[in-house]
Amino acid sequence: MAGSAKGSESDTKSDADAIQRRLADLDRRLDKTKSRREAQNNRPARQPGGFVMAVRAVSELIAAVLVGGVIGWGLDWGLGTSPVLLLVFFLFGFAAGVVNVVRATKHNKAGIAEAGDGRS
Amino acid sequence: MASDQAHSPDGAMPDPIHQFEIKRILELDLFGIDASFTNSSLWMVVSVVLISLLTIWGMGGRALVPNRLQSIAEISYEFIANMVRDIVGVSGMKFFPFVFTIFMFILFMNMLGMLPGAFTATSSISVTAALALLVFFTVIIVGFAKNGLGFLKLFVPAGIPKVLLLLVVPIEIISFLSRPVSHSVRLFANMLAGHITLKVFGGFVTMLIGTGGALAAVSIFPLTMALALTALEVLVAFLQAYVFAMLTCMYLHDALHPGH
């Protein structure tokens, strides 16, 4: 009777030990998975990839030149100063396009991370 | 709109533009405005219905261990929520429903367009322009509502000599006005170009088979190309929806924090 009671006591002790060990092991594995998962989650948001960037840059440049040209053409049409303002605003549009492209590519490198870090 | 000339005589190139023809399904005239229900509207409705099914029915179980539909719904939520939090900031989460709706709507329209016989609603500039203008005016209204006239600081970068402002302000204004243009044209042009390319390569296959003989065997090359392009188009369909949503977030960030 006494022997069996002692046996069960040591059993529970070793059981608790085993559980402790397994819990620690599980913790370690969870941490590892979590950090890996986090790294995976963060990557695509920061770097949309070269293909996206290329498509964006081209359309930003063309759109700005177009808008500049249309504004100049419209002002010329209204003021009768053709083609002076068309030329001026075409150049403004080109400058705006370059600004757009520079901003788009800058955003890709640091802008998104920077925007997320508590300025909100 | 030209009458049906899609199925040209054997051996001739099928018209690659025909797939973008708008057909009226239900004629409707609202005070002189043509508000007919077209094939484009039909596929927009289909995408809205599918999105609603995915989110409402998919999340209906609210299971702790999600099934496939619920997983898709949860992944898309997480994806957009992270994007909004990363780019607009935590205070921007009140725009999450807006960005999520736009993203899912465009994604489904793009993806449904990949089905044979379906109409790609995003391949018409009117649809993408409407979406881009919605974002554009939202940004302007939110910008002025949140910052008042301070929103105009967007056009006047800090720390620039007064003389240069004469140059910089018009450039910034044009840059701002060009946003809805590039926003809408990018999506529209990508979908249009992709579908035309697919159709052209598909047309090569039928043309080569139509000629028969040794040339029919060569048709394997355009077929391979069409297959590869289909895969690329699925990627583009997703990427364009992603880019549209990402830029929406960036513009909303500008509306909330115009000072840079």
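What net charge do the residues around A:Ala96 carry, taking every other residue with its C-beta under 12 Å from that of A:Ala96, with Lys and Arg at +1 and Asp and Glu at -1? Each step should come with its number before you reach the end.
Numbers: positive: A:Arg103, B:Arg179; negative: A:Glu60, B:Glu172.
So the surrounding residues net to 0.
Using only the alpha-carbon atoms, how far is helix B:125-147 inclined from the longest principal axis of chain B? Give it as 0 to 90 degrees, nearest 10.
Taking Cα atoms only, the helix is inclined about 10 degrees.
Relative to the longest principal axis of the C-alpha atoms of chain B, give the angle of the C-alpha long axis of helix B:96-113, reported between 0 and 90° and rounded to the nearest 10°.
That helix lies at roughly 10 degrees to the long axis.
At what distance in nm do the modelled label points of B:Leu26 and B:Val163 sit from each other, each positioned 7 Å from its Cα along Cα→Cβ?
6.5 nm
With a point put 7 Å past each Cα toward its Cβ, work out how far B:Arg62 is from B:Leu133 in nm, to one decimal.
Inter-label distance under the simple model: 4.1 nm.
If you stretched the chain out fully between B:Thr224 and B:Val156, how much longer would it get, using 0.36 nm times the residue separation minus the C-alpha to C-alpha distance?
Length gained between B:Thr224 and B:Val156: 19.2 nm.
Relative to the longest principal Cα axis of chain B, at what angle does helix B:39-52 sit, 0 to 90 degrees, rounded to 10?
On a 0 to 90 degree scale, this one is about 60.
Based only on other Cβ atoms within 10 Å, what is the fewest-to-most ordering of B:Leu252, A:Leu91? Write out the running numbers ahead of the final one.
Details: B:Leu252 24, A:Leu91 15.
Listing B:Leu252, A:Leu91 from fewest to most nearby Cβ atoms yields A:Leu91, B:Leu252.
Using Cβ contacts closer than 10 Å as the measure, can you line up B:Arg85, B:Arg24, A:Arg56 from fewest to most?
Numbers: B:Arg85 18, B:Arg24 13, A:Arg56 22.
So the residues, fewest neighbours to most, are B:Arg24, B:Arg85, A:Arg56.
Report the charge-dipole magnitude of region B:23-256 in Debye, nearest 20, computed about the Cα centre from +1 at each Lys and Arg Cβ and -1 at each Asp and Glu Cβ.
Numbers: 12 positive and 9 negative charges, 59 e Å.
Charge dipole, region B:23-256, about its Cα centre: 280 debye, nearest 20.
Mind checking which lysines have their Cα closer than 24 Å to the Cα of B:Lys162? Skip sequence neighbours fewer than 8 apart in that chain.
B:Lys153
Taking 7 Å along the Cα-to-C-beta vector as the label spot, tell me the B:Phe144-B:Ala118 distance in nanometres, rounded to one decimal.
For B:Phe144 paired with B:Ala118, the spin-label model returns 3.9 nm.
Excluding residues fewer than 8 places away in the same chain, name every one of the lysines whose C-alpha is closer than 29 Å to that of B:Lys23.
Cα-Cα hits under 29 Å: B:Lys199.
What average number of partner chain Cβ atoms lie no more than 10 Å from the Cβ of the residues making up A:92-105?
Numbers: counts 6, 6, 2, 7, 9, 5, 2, 6, 7, 0, 0, 3, 3, 0.
Mean partner shielding for this stretch: 4.
Per-residue mean of other chain beta-carbon atoms within 10 angstrom of the beta-carbon, peptide B:176-188?
Numbers: counts 4, 8, 16, 5, 2, 8, 14, 3, 2, 4, 7, 1, 0.
The per-residue average across the peptide is 6.
Values in this text are rule-based calculations from the coordinates and carry no lab data. Not measured: the values here are computed from a predicted model. Here Cβ is always computed from backbone atoms with ideal geometry, including for glycine, and neighbour counts include all displayed protein chains.
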